[in-house]
Amino acid sequence: MESTDRESEELESARAEAATEPVEPDAAEPEDSNEALVEAAVPARPRTVPRFGVFIGVGVIMGLVLALVLFFVLPTDGSSSSLTGLVYLAVLVTPFTALLGGLAAVLFERRSLRK
């Protein structure tokens, strides 16, 4: 146990010494590297692309809301439990609304490419 404590103390002292030592800049790196970067830089316009995951996620949420609205609006015959009907509606509606969200993202991307 003492050897482990001694090793950990030596390791901590080595880390403390390394942290206090100043780091010298590399001699191979030029000090005026910003000038070289400015000369090599090519002006470009940033491309704004919609985040597809966000659009698809909003489509899923809208599908769940639509399934909930349809659940309360559509008549039931009472042969199965209410929760089962809601789950079936959610499973049937949500993929289509997620697909519509992805389609909206693709349309927004194409519109941004035209400009």
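Details
- Condition check for G53: loosely packed, with under 14 Cβ neighbours inside 10 Å, under 30 Å from R114 (Cβ atoms) and small (G, A, S): yes
- Being touching a Ser or Thr at 6+ places or on another chain (Cβ under 8 Å) and modelled with pLDDT of 90 or more holds for only one residue in G102, G85, G57, G63, and it is G63.
- Any pair with Cβ under 7 angstrom, 6 or more apart, that starts in the range 103-115 at a residue that is of a type in the set (G, A, S) and ends at one that is surrounded by 12 or more Cβ atoms within 10 Å (Cβ to Cβ) and at pLDDT 85 or above: A104/F55; A105/F52; A105/F55
The values are calculated or read from the model by the stated rules, or taken from the named source; none is laboratory data. Remember, predicted model here, so these are calculated numbers, not experimental data. As a convention, Cβ positions derive from the backbone with ideal geometry for all residues, glycine included, and neighbour counts pool all protein chains shown.
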